[in-house]
Every structure is written in C-alpha cells, then in structure tokens.
1. State all residues of segment 70-100 that are part of a helix (DSSP H, G or I) and within 12 Å of PHE59 (Cβ to Cβ); if no residue qualifies, say none.
2. Please go through segment 91-112 and pick out each residue that is among the aromatic types (Phe, Trp, Tyr) and loosely packed, with under 13 Cβ neighbours inside 10 Å.
3. Restricting to segment 101-118, count the residues that are among the aliphatic types (A, V, I, L, M) and within 10 Å of TYR57 (Cβ to Cβ).
4. List the pairs whose first member sits in segment 51-62 and is among the aliphatic types (A, V, I, L, M) and part of a loop (DSSP other than H, G, I, E, B), whose second member is surrounded by fewer than 16 Cβ atoms within 10 Å (Cβ to Cβ) and at pLDDT 85 or above, and whose Cβ atoms are under 7 Å apart, counting only residues at least 6 apart or on separate chains?
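The values are calculated or read from the model by the stated rules, or taken from the named source; none is laboratory data. Because the structure is predicted, anything quoted here is derived from the model rather than measured. Neighbour counts run over all protein chains shown; Cβ positions are idealised from the backbone, glycine included.
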Amino acid sequence: MPRYILMILVLIVGLGIGSIVPAVTSWWYDSNRAGSALKVIDADSASSNDETAKTVYHFEIEQGVLSVIEGTPGASGRVLVTGLDVQAWPKEMADIAPKVVFYSLDEVQSFIDTVNVA
C-alpha cells in the first residue's frame, strides 16, 4: 500500500475520533447536570415592564421538580416557570430554595445558574 494512502487513512480516522470524542464527552457531561432548561409558561406576563408593581417570586419544589411562583413563600400565586429537575442539586440548596424571595426573574435565573455550577 502506498505511503500517501496510509497517511490519508490515518488522517481520516484521526479526524473521526477527534470529532466524535468531544461530542460524546460534552453529551455525557450535560446528561449528568441538572441544567437550566426552564419551560416558560407565560413569557409576556413574566417579563412585566411596569415599574410601579413590586412583584416577588419564590420557588416551590414538588417531587424533585422546581417551579417559580409569583408572590411570597407560603402564598399561592401564578406559576410562571416549571419543569427544572433539582434532584442533582446539593441537599442544602434544595432545602433553602423554597425560603428565598427574589425580586426579579434575573435573580431567579442567577440562583439556578449558581447552584448548577456548584
């Protein structure tokens, strides 16, 4: 077999492995993380531009699924966001999450991102 054909085959195999391995490791890493793939139920009402209204948000966790609810903890309100699996979260963060009050949806997302990094 000529040398250039062998070099081409080695190059093709190397490129194949070099493209498959990072994709698989990325998928493997993401499958073990909780992620922040939240499903926004009502995006228009969630992003209100009314500065006079002081809206607060809190978490509610039922059976390992996190929901973002409008209002103070203990009060029933509109469910804005739901669907985040929090079983991969540290126990301490899952215990404290329903007790925290947020004043914007940016703070909610920041809390979720912080927990997922830890």
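1. Keep residues of segment 70-100 that are part of a helix (DSSP H, G or I), which gives 91-99.
Listed by number, the residues that qualify are MET93, ALA94, ASP95, ILE96, ALA97, PRO98, LYS99.
2. Here is the first cut: in segment 91-112, the residues among the aromatic types (Phe, Trp, Tyr) are 102-103, 111.
Once the filter is applied, which keeps residues that are among the aromatic types (Phe, Trp, Tyr) and loosely packed, with under 13 Cβ neighbours inside 10 Å, segment 91-112 yields only TYR103.
3. Taking segment 101-118 as the starting set, the residues that turn out to be among the aliphatic types (A, V, I, L, M) are 101, 105, 108, 112, 115, 117-118.
This time we only want the ones that are within 10 Å of TYR57 (Cβ to Cβ), so: 101, 105, 108.
Residues flagged as among the aliphatic types (A, V, I, L, M) and within 10 Å of TYR57 (Cβ to Cβ) within segment 101-118 amount to 3.
4. What qualifies is VAL56/VAL101; VAL56/TYR103.
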